[in-house]
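J.: I'd like to ask some things about the structure below.
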Amino acid sequence: LLTPTNSLVASGLLCDIAIIVALKFAFKRQRPPFHKHDARFVGVDVHSFPSGHATRCWCLVALLSSLFPSHSLRLAAWGSVVSLSRVALGRHY
């Protein structure tokens, strides 16, 4: 279903992905040296900055907080947990 809300979220995420790809190629920051390539990490992305997971999550936090202000604090907590998990997993500095 193409609703105004769905269109907003979809276009926000598409812009986010385009910006992430551009920044990753611009900075080309390598992943931490203790990062291991194993079955947990599938994909061709070798660059660590910015974290695609964290930026997409915060994009959603911003979009959803504007749509549902009463959930802003919970959404921000979710964004923080996702961001910290990227470091805890050894994928980012």
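J.: How much solvent-accessible surface does residue 73 expose, in Å² to the nearest 10, with a 1.4 Å probe and all protein chains in place?
T.: Rounded to the nearest 10, the figure is 150 Å².
J.: Answer rounded, prolate or oblate for region 50-93, using the Cα gyration tensor with square roots of eigenvalues a ≥ b ≥ c: rounded when a/c is under 1.5, else prolate when a/b is larger than b/c, else oblate. Mind dumping the intermediate values first?
T.: Values: a/c = 4.93, a/b = 2.15, b/c = 2.30.
Because a/c hits 1.5 or more and a/b fails to exceed b/c, region 50-93 counts as oblate.
J.: Further question: Considering only protein heavy atoms, with the full assembly of protein chains and a 1.4 angstrom probe, order 72, 51 by accessible area, largest first.
T.: Ranking 72, 51 by accessible area, largest first, yields 72, 51.
The values are calculated or read from the model by the stated rules, or taken from the named source; none is laboratory data. These numbers come from a predicted model, not from an experiment. For accessibility, only protein heavy atoms count, side chains too; no ligands or nucleic acids. Shrake-Rupley method; radii C 1.70, N 1.55, O 1.52, S 1.80 Å.
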